[in-house]
Amino acid sequence: MTTTQQRTGSTFESLNPASGDVVGTHPVHTEEEVREAVVRAREAAAWWSALSYDERDTHLSAWKGVITRRVAQLADVMHQETGKPHGDAMLEAALAIDHLAWAAGHAGKVLKRRKVSAGLVMANQAATVEYLPLGVIGVIGPWNYPVFTPMGSIGYALAAGNAVVFKPSEYSPGVGEWLARTFQETVGRPVLQVVTGLGETGAALCRAGVDKIAFTGSTATGKRVMAACAETLTPVVIEAGGKDAVIVDEDADVEAAADATLWGACSNAGQTCTGVERVYVHERVYDEFLASLTAKARELRADDSPSSHLGPITMPKQLDVIRGHIQDALDRGGRAVLGGVDAVGERFVQPTILVDVPEDSAAVQEETFGPTVTVAKVRDMDEAVARTNATRYGLGSTVFSKSRGMELAGRIRSGMTAVNGVITFAAIPSLPFGGVGDSGFGRIHGPDGLKEFTYAKAIARQRFKPLLTLTSFTRTEKADAQLAQMITMLHGRGGTIPKK
Ligand code: NDP
C-alpha cells in the first residue's frame with residue numbers, strides 16, 4: 001500500500017504510516033454538512049461570546065484539565081496516525097496545553113476595553129478600544145503537529161470568544177476528533193466542532209460562511225485557500241512552509257550549535273515548518289561544526305523500534321520530494337557526508353547531511369520536509385545573513401553567537417529567530433508565531449495571536465461640548481482659524497533632518 005488514506009464511499013481510513021495498519025475510519029463530510037456545522041457553530045458562538053473572559057477561562061481550563069489527565073491517550077492517537085515517537089507526541093501535547101492555558105488566562109488582559117488618549121484636538125472625547133470576536137473561525141490544520149499547530153489557532157480563537165470548526169488533515173483526523181470530543185464532553189456545546197475529509201472538505205469550509213480561516217500547510221494550498229476566501233472577502237491567516245537556516249558565528253559554542261542543528265533538522269523526521277533545513281557556518285569553525293554534527297547524526301536511526309528517535313515520513317508522497325532534493329543536490333556537485341539518496345526508504349528516511357550544494361538548488365531553496373540539512377561555509381556573518389535572507393520564505397531562523405546574537409537576529413528577514421537555541425520561540429506562549437513572504441502572514445500565539453481572531457472596536461464618546469465645533473456645517477471661520485493655530489502650535493516645530 002503506498003498511500004496512507006483510502007477512500008471508501010463517504011468514509012476514509014487513516015492509516016499508521018509506520019505499518020500501514022488502519023487506525024480509524026472517518027466520514028468525508030460533504031459541503032452541506034460543513035455548512036450545517038458552521039450554522040451550529042454560529043448559534044454556539046452567540047452563547048460563548050456573551051460569557052465573560054473569566055467564565056470562558058473556567059471552561060477552557062476545565063478542557064485543559066481533561067486533555068492533561070488523558071494526555072497519554074492523546075499522544076497514542078498522535079503516535080498511531082503520524083508515526084511520531086510517543087515521547088515527541090507527549091512533548092507536543094504538553095506545549096499545546098501550555099498555549100491553551102496562556103490564551104485563556106490572558107485573553108481578558110489583551111482584548112478587553114481600554115481607554116486611549118483622545119489627544120488635544122479632540123480633548124472633549126473619551127476614547128476606548130476593545131477587541132471583539134469575529135464569530136466562527138474555520139481552522140484547517142496539518143498532520144505534522146496535529147495538536148500543537150491547530151491549537152495555536154483553536155485555543156486563541158476560543159479564548160477570544162469565537163466558535164471554531166476544525167478540519168484536521170486527512171492524515172490525522174482521529175486527533176481532531178479526539179480534541180472536539182473532549183471539548184464537547186467538558187463544555188457541552190458545539191463551540192468546537194470537527195469536520196473530516198480530504199482537501200475538498202477544507203475547500204468547503206472556506207466557502208461555508210465562516211468569519212475567518214486559519215490555515216496551516218503548504219504555500220501552494222495556502223494560495224488556493226486565499227483564492228476561495230477572496231470570493232466572500234473572508235479574511236485568512238496563513239501559516240505556510242519555511243526553509244529555516246541556522247547561522248553559526250566564529251565565537252559560537254560549536255557543540256551546542258551542532259546539537260541544536262541536529263534536533264532542529266531531524267526531530268519529527270524533519271517534518272517541521274520551522275525545522276532546520278540549511279546551515280551557514282563561519283569558515284573558522286566550519287570543520288569543527290561539520291565533524292560534530294556528523295558524529296551526532298550517525299547516532300540517530302529512523303525505524304519503528306520503540307527506542308527510535310525518528311518516526312516515518314507521515315505522507316508517502318513526501319518521500320519523492322526528499323529523494324528528489326537529495327538527487328538534485330548530488331547531481332549538481334553536492335556531496336552527502338552522511339546519508340544520501342539511499343537514505344530514503346519505503347517509509348523511513350535516515351539523517352542526511354549535504355555539503356557543497358549550489359545555493360539555487362532545490363535542497364537550498366524549497367521546503368524538503370525530511371531529516372536532511374545542507375551545510376555551507378561562509379567568510380563572515382554578513383555572507384551568512386545575506387544567504388539566509390536569499391529565499392522566498394521567512395518563517396523561523398537560528399543564530400549561534402556569543403557576542404552578536406541579538407544583532408544578527410535583527411538582520412534576518414524571518415518572523416521568528418532563536419538565539420543560542422532552536423525553535424525556542426514556538427514554546428513561549430507570549431511570543432507571536434508566523435512568517436513573511438511565502439511563509440504566510442498573520443500571527444498565532446501571544447497577544448497578536450489573540451487579536452488575529454478579533455476585530456478592533458473603537459468608540460469615541462463625547463464627554464462635554466467641544467471648545468471648537470469641527471464636525472458640523474455650523475463650523476465657523478473663527479473655529480477654522482483657531483484649529484489652524486492649534487495645529488501650528490502642536491506640530492509646526494518639526495525638527496530639521498540632520499545632514500549626513
Ligand atoms: P497541504 O497544504 O496540501 O494541506 C494542509 C491542509 O490543507 C490539510 O488539512 C489539507 O487537507 C487541507 N487542504 C488541502 N487542499 C485544500 C483546499 N483546496 N482547500 C482547503 N484546504 C485544503 O499540505 P500537505 O499535507 O499535502 O503537505 C504538502 C507540503 O506542505 C509538505 O511537504 C510541506 O512542505 C508543507 N507543509 C507545511 C506545513 C507547515 O507546518 N507549514 C504543514 C504541512 C505541510 P487534507 O490533508 O485532507 O488534504
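The values are calculated or read from the model by the stated rules, or taken from the named source; none is laboratory data. Computed from a predicted model, the values in this text were never measured in an experiment. Here Cβ is always computed from backbone atoms with ideal geometry, including for glycine, and neighbour counts include all displayed protein chains. Side chains are part of the model used for accessible areas, which takes the heavy atoms of the whole protein and leaves out ligands, DNA and RNA. Shrake-Rupley method; radii C 1.70, N 1.55, O 1.52, S 1.80 Å.
According to the Kirkwood relation over distinct C-alpha pairs, the hydrodynamic radius of the stretch 5-239 is 18.4 Å.
The value obtained for the stretch 129-170, namely the Cα convex hull volume divided by the number of residues, is 58 Å³ per residue. Here the chain is treated as a Stokes sphere of Kirkwood radius computed over C-alpha pairs; at 25 °C and 0.890 mPa s its diffusion coefficient rounds to 100 µm²/s. Between Thr488 and Phe464, the modelled labels are 2.7 nm apart [label points 7 Å from Cα along Cα→Cβ]. Report, for the chain, the % of DSSP beta bridges that are antiparallel, rounded to 5. Around 45 percent of the beta bridges assigned by DSSP in the chain are antiparallel ones. Note on the stretch 127-253: with neighbouring protein chains present and a 1.4 Å probe, carbon and sulfur make up 56 percent of its accessible heavy-atom surface. Taken about its Cα centre, the chain carries a charge dipole of roughly 2640 debye when the Cβ of each Lys and Arg holds +1 and the Cβ of each Asp and Glu holds -1.
In degrees between 0 and 90, to the nearest 10, how far off the longest principal axis of the chain does helix 173-187 point, with axes built from Cα atoms? Helix 173-187 sits roughly 40 degrees off the main axis of the chain.
The H on the amide N of Phe166, modeled in the peptide plane, is under 5 Å from the matching H of Val139, Gln193, Val194, Val195, each at least 5 residues off or on a different chain.
What's the long-distance tail for the stretch 166-254, i.e. % of Cα pairs beyond 15 Å? Tail fraction, whole percent: 67. The shape of the stretch 71-168 comes out prolate: with a ≥ b ≥ c from the C-alpha gyration tensor, a/c is at least 1.5 and a/b beats b/c. Would you mind counting up the charge near Arg278? Only other residues with Cβ under 12 Å from its Cβ, with Lys and Arg at +1 and Asp and Glu at -1. In short, -3. When the convex hull of its Cα atoms is viewed from all sides, the stretch 244-429 shows a mean projected area of 9.9 nm².
A 1.4 Å probe run over the protein chains yields, for the chain, 44 Å² of accessible area per residue, whole-number rounding. For the stretch 340-351, the Karplus equation 6.51 cos²θ - 1.76 cosθ + 1.60, evaluated at θ = phi - 60°, returns couplings of x, 4, 5, 6, 8, x, 6, 10, 10, 10, 7, x Hz by residue, with Gly and Pro reported as x. Neighbours of Lys243 by Cβ distance under 14 Å: Lys/Arg scored +1, Asp/Glu scored -1, total -3. Other residues within the sphere of radius under 14 Å centred on the Cβ of Val195, judged by their own Cβ, net out at -2 (K and R +1, D and E -1). Contact order, relative form, for the chain: 17 percent (alpha carbon pairs under 8 Å, 6 or more residues apart, mean separation divided by residue count). Which shape class applies to the stretch 445-500: rounded if a/c is under 1.5, otherwise prolate when a/b exceeds b/c and oblate if not, where a ≥ b ≥ c are the square roots of the Cα gyration tensor eigenvalues? Note, shape of the stretch 445-500 comes out oblate. Counted over the stretch 244-429, the DSSP beta bridges are approximately 15% antiparallel. Sequence-ordered 3J(HN,Hα) estimates for the stretch 208-217 from the Karplus curve with 6.51, -1.76 and 1.60 and θ = phi - 60° stand at 8, x, 6, 8, 6, 10, 10, 10, 10, x Hz, glycine and proline given as x. Between Val378 and Val281, His282, Glu283, the built amide H atoms are under 5 Å apart, and every one of these is 5 or more places off in sequence or on another chain. Short to long, the 5 Å bins of the Cα pair-distance histogram for the stretch 358-471 hold 2, 9, 14, 18, 16, 11, 6, 5, 4, 4, 4, 3, 2, 1 percent of all pairs. The ratio of the alpha-carbon radius of gyration of the stretch 107-210 to the globular-protein estimate 2.2 N^0.38 Å is 1.40. For the stretch 25-35, backbone phi angles converted through the Karplus equation (6.51, -1.76, 1.60; θ = phi - 60°) give residue-by-residue couplings of 10, 9, x, 8, 6, 7, 4, 5, 5, 5, 4 Hz, Gly and Pro being listed as x. With the convex hull of the Cα atoms taken as the outline of the stretch 192-341, the averaged projected area works out to 12.4 nm². Using a probe of 1.4 angstrom, how much of the accessible area of the stretch 394-500 is carbon and sulfur, in percent? So the carbon and sulfur contribution to the accessible surface is 58 percent.
Straightening the chain between Asp380 and Glu200 buys 60.0 nm, computed as 0.36 nm per residue apart minus the Cα-Cα spacing. When every Cα-Cα distance of the stretch 309-356 is counted in 5 angstrom steps from zero, the calculated P(r) takes the values 5, 23, 32, 23, 12, 5, 0 percent.
Cross-link pairs exceeding 30 Å in C-alpha to C-alpha distance, out of Lys243/Lys402; Lys115/Lys223; Lys112/Lys465; Lys64/Lys212; Lys64/Lys451, comprise Lys115/Lys223.
Centre-to-centre separation between the Cα atoms of the stretch 146-182 and those of the stretch 434-465: 21 Å.
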